[in-house]
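What follows is one structure encoded as structure tokens, with my remarks underneath.
The values are calculated or read from the model by the stated rules, or taken from the named source; none is laboratory data. None of these values were measured; they are calculated from a predicted model. A quick note on method: Cβ atoms are made from the backbone with ideal geometry, for glycine too, and the neighbour counts reach across all protein chains shown. The area values use the complete protein model at the heavy-atom level, side chains included, leaving out ligands, DNA and RNA. Shrake-Rupley method; radii C 1.70, N 1.55, O 1.52, S 1.80 Å.
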Amino acid sequence: MVRIFRKLKLFLEKDWLPVIPREGSLGASGDLVPLAYLAQALQGEGKIYVRDQILPTAQVLKEADVKPYKLKAKEGLALVNGTTTMAGLSLVNLNEAKFLVDIACATSGWLCLSLKGRTEAFGVLINEIAKKFPGQKLAAQKIRQIINDESYLNKQI
């Protein structure tokens, strides 16, 4: 099993990413389809992303003087039987959601400023003392930071 981890590490270090279709996995009881494409790439088959190009894996491995991996007993099953694809996608989605929350806080703060709105709605009393929701507290803090930032006032356009 150590050899297969070394091969996976090599792919990560070289930023060789297997081409995996967007559709075809249920994300339940194993991510069979996407992980099969990963296993295929390790064996020198299929296609991979290399430097913003899609190239045949066999060609890339040959040019890098890397031998394709030959699966041993039970390694194929170990590669495809898991939910690592869904776990990875959930982290991507989490980061995207955090980014969207930051944009929503920024636009809320700027909208309040541009409309000369009441900034008390984002105050500590309402969002941190009266209500005990951690997400609400964090969002209000971000919006207050934008509202209280006066560095933009003296800027020439």
Practice task
State all residues of region 52-95 that are outside any helix (DSSP H, G or I), open to solvent by 60 Å² or more (accessible area, probe 1.4 Å), modelled with pLDDT of 95 or more and among the hydrophobic types (A, V, I, L, M, F, W, C); if no residue qualifies, say none.
Solution key: Ile54
Handout entry: Looking only at region 112-136, and only at residues there that are among the hydrophobic types (A, V, I, L, M, F, W, C) and exposed (fewer than 12 other Cβ atoms within 10 Å of the Cβ), the one that is nearest to Arg22 (Cα to Cα)
Key = Phe133
Practice task
Tell me which residues, restricted to region 1-51, are part of a helix (DSSP H, G or I), modelled with pLDDT under 90 and of a type outside the set (A, V, I, L, M).
Solution key: Arg3, Pro34
